[in-house]
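There's a structure below that I have some questions on.
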């Protein structure tokens, strides 16, 4: 970043010398008892002005201080000696410096969507006396840049009675709707402190596992948004293989810089603001601030534009990635409080969840670690039967689409309560799944005999993600092969109901007429340590459909498992069975089976041909009453 000299700064400000004041006068002359004051947000907090305001706190009774995301370490209550009612601080989003005081009742919290904060002030519903802001030096035309925070400060500065600016040469000049003219500034002081830097910390294994699942949902040419939190930002580390991503987000951090430099983020395929990263503010390191400085690729806009769901929805493949504190079994998302204790705020979550949901091929994604560790060391589930009393429902059941934990992906949109419960239990930590299921049974959310996959030793059988792969069929359709899940019950039923009477007879040796829960449940609640069913999933048009299944089950002989295959009539002849068979052989070997076998009607010539030409040595073949039984060796 170009550093402006004192001489250059003096020349740029010469025309406006009458507006320059001392730091004392900036507070004493322009702020009166009873005023409502806004302090610039995030990493743009005007540190010098704020310190002076705190110092003079005892002389400013009944002042209300408004803030969106305070990130500094400044203690607003240090000088007032615990006087509860001397002044109030009102947080529109709770930062770390205010969390304690809000919990103790010395500060207030106003829940509001980030997109709607500007309108609150512009409409006059909340009057503002003074705005304390931090900006770059003016250019030769008199325009200062709001720099790394435009969000709500620009619209607020436009309606405040008085604007006091801290002009800092270290503030980047950013492009977009990010400028204020010196004529609109009533007084200014000159500062030269470093900007606040922010780090989310190094992602742990849980965050990285979640990030990998999220990355699997992000297609090439998607436009992404990442909310505040270590997990949303860990996703950037998992996107290095993607192509032509774009960014439309209220905030981003250093990970985006990496992806731009690697050529992953190009913004060339964006629907609106092509070739541009659109944001409202940034939080990160000096490297990030240098990146956005005078960078025409990055445009900053106020939050009533960046967070407008209508604007967001115009981005094809808009992906919104936001963090939750807890999610209940029906999909209600709490992300602003821990019980009655407020923790953060609504921010832009709702804006981007709804915007992404309305976008063509859009995906709103909530991320959550499956557990939390309390101060006393107790581990609790973040996926809960019901939200803790006092918890705020930030994302409703009707708005939620994807929920991702380190155990997998739950897709809830358009699903029944029973389906949602099974999806959420499937991504809960295994130690809590049985407890969650029992509670769901008490409320009649699921079948009374609903089971979970359990291994021989009685423990929850863990879904083997390692067997998930994508393949391309002869018709060039790309489908997913994966192990069956308890949540597949309805799709397995639909697959069987797609069979005609002859197919059913070939599969079951009897003309099956129904495939009720009790018949299908054993196929989806399997012990992955002894049994395996692989399903082929077509996701064209956004809806998952199981088009084939192949698997094996243990028998009375420890070294032998029994094969089964079902293929939808519209997907036959494309090589599905020929792919599934060797994959099942590979898994069978890993589970210590020596042989696979089965029974087929002699008229099932297609399946007999697959077995005969599989390349495996047939150890036993017996034909009786129109049925052929076979066993082949997989030990070699």
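Going by what's in this entry, would residue 626 be described as surrounded by fewer than 19 Cβ atoms within 10 Å (Cβ to Cβ), in contact (Cβ under 8 Å) with a residue 12 or more places away in the chain and on the phi > 0 side of the Ramachandran plot?
Answer is yes for this residue.
List pairs: first residue in the range 469-485 and in contact (Cβ under 8 Å) with a residue 12 or more places away in the chain, second residue loosely packed, with under 15 Cβ neighbours inside 10 Å and part of a strand (DSSP E or B) anywhere in the structure, Cβ distance under 6 angstrom, at least six positions apart or on different chains.
From the range 469-485, the pairs are 480/470; 481/469.
Quick grid of which residues meet (1) outside any strand (DSSP E or B); (2) modelled with pLDDT of 95 or more; (3) farther than 25 Å from residue 605 by Cβ:
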| position | (1), (2), (3) |
| --- | --- |
| 499 | yes, no, no |
| 523 | yes, no, yes |
| 546 | no, yes, no |
| 557 | yes, no, yes |
| 578 | yes, no, no |
| 583 | yes, yes, no |
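Condition first: more than 22 Å from residue 509 (Cα to Cα) and under 41 Å from the mean Cα position of the chain (by Cα). Can you find one or more residues in the range 592-612 that meet it?
Yes; the residues of the range 592-612 include at least one that is more than 22 Å from residue 509 (Cα to Cα) and under 41 Å from the mean Cα position of the chain (by Cα).
Out of 402, 447, 411, which single residue is touching a helix residue (DSSP H, G or I) at 6+ places or on another chain (Cβ under 7 Å) and outside the structural domain of residue 328 (by TED's automatic domain parsing)?
447
Does any residue of the range 536-549 turn out to be under 23 Å from residue 497 (Cα atoms), more than 36 Å from the chain's Cα centre (by Cα), loosely packed, with under 13 Cβ neighbours inside 10 Å and touching a residue at least 40 places away in the same chain (Cβ under 8 Å)?
So far as the range 536-549 goes, no, none of its residues is under 23 Å from residue 497 (Cα atoms), more than 36 Å from the chain's Cα centre (by Cα), loosely packed, with under 13 Cβ neighbours inside 10 Å and touching a residue at least 40 places away in the same chain (Cβ under 8 Å).
Could you look through the range 86-111, keep only residues that are surrounded by 17 or more Cβ atoms within 10 Å (Cβ to Cβ) and part of a loop (DSSP other than H, G, I, E, B), and pick out the one that is farthest from the chain's Cα centre (by Cα)?
86
Report whether or not residue 427 is assigned by TED's automatic domain parsing to the domain that holds residue 235 and either in contact with a helix residue (DSSP H, G or I) (Cβ under 8 Å, 6 or more places away or on another chain) or farther than 22 Å from residue 462 by Cβ (or both).
Criteria not met by residue 427.
Residues checked against (1) surrounded by fewer than 15 Cβ atoms within 10 Å (Cβ to Cβ); (2) not in a loop (DSSP other than H, G, I, E, B):
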{"site": "433", "(1), (2)": "no, yes"}
{"site": "436", "(1), (2)": "no, yes"}
{"site": "445", "(1), (2)": "no, no"}
{"site": "463", "(1), (2)": "no, no"}
{"site": "470", "(1), (2)": "yes, yes"}
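If I filter the range 52-65 for residues that are over 21 Å from residue 190 (Cβ atoms), assigned to a strand (DSSP E or B) and at pLDDT below 95, do I get at least one hit?
yes
For the range 496-503, check the following and say yes or no: at least one residue is exposed (fewer than 15 other Cβ atoms within 10 Å of the Cβ), within 17 Å of residue 572 (Cα to Cα), in contact (Cβ under 8 Å) with a residue 12 or more places away in the chain and assigned by TED's automatic domain parsing to the domain that holds residue 571.
Looking through the range 496-503, at least one residue is exposed (fewer than 15 other Cβ atoms within 10 Å of the Cβ), within 17 Å of residue 572 (Cα to Cα), in contact (Cβ under 8 Å) with a residue 12 or more places away in the chain and assigned by TED's automatic domain parsing to the domain that holds residue 571.
Hey, residue 76 hits all of (1) in contact with a strand residue (DSSP E or B) (Cβ under 8 Å, 6 or more places away or on another chain); (2) part of a helix (DSSP H, G or I); (3) modelled with pLDDT under 85 but one; which does it fall short on?
That leaves (2) as the condition not met.
For the range 359-425, give me every one of the strands (runs of 3 or more DSSP E) that falls completely inside it and has 1 or more residues that are buried (at least 17 other Cβ atoms within 10 Å of the Cβ) and under 18 Å from the mean Cα position of the chain (by Cα).
It comes to 363-367, 371-373, 402-405, 408-411.
What is the number of the single condition among (1) modelled with pLDDT of 90 or more; (2) surrounded by 13 or more Cβ atoms within 10 Å (Cβ to Cβ); (3) under 19 Å from residue 535 (Cα atoms) that residue 590 does not meet?
Condition (2) is where residue 590 drops out.
Now, a different point. On the basis of being outside the structural domain of residue 577 (by TED's automatic domain parsing), on the phi > 0 side of the Ramachandran plot and not in a strand (DSSP E or B), does residue 458 make the cut?
In short, yes.
Could you please find all residues in the range 585-607 being assigned to a helix (DSSP H, G or I), closer than 13 Å to residue 553 by Cβ and touching a helix residue (DSSP H, G or I) at 6+ places or on another chain (Cβ under 9 Å)?
Within the range 585-607, 587 is the sole residue that qualifies.
I've got another one for you. Return the residues of the range 131-183 that are surrounded by fewer than 23 Cβ atoms within 10 Å (Cβ to Cβ), out of contact with any helix residue (DSSP H, G or I) (no Cβ under 9 Å at 6 or more places or on another chain), outside any loop (DSSP other than H, G, I, E, B) and without any contact (Cβ under 8 Å) to a residue 60 or more places away in the chain; say none if nothing qualifies.
Answer for the range 131-183, where residues must be surrounded by fewer than 23 Cβ atoms within 10 Å (Cβ to Cβ), out of contact with any helix residue (DSSP H, G or I) (no Cβ under 9 Å at 6 or more places or on another chain), outside any loop (DSSP other than H, G, I, E, B) and without any contact (Cβ under 8 Å) to a residue 60 or more places away in the chain: just 181.
The values are calculated or read from the model by the stated rules, or taken from the named source; none is laboratory data. The structure presented is a predicted model; accordingly, all values stated were derived computationally and were not measured. Quick reminder, even Gly has a Cβ in these numbers, built from the backbone with ideal geometry, and neighbours come from all protein chains shown.
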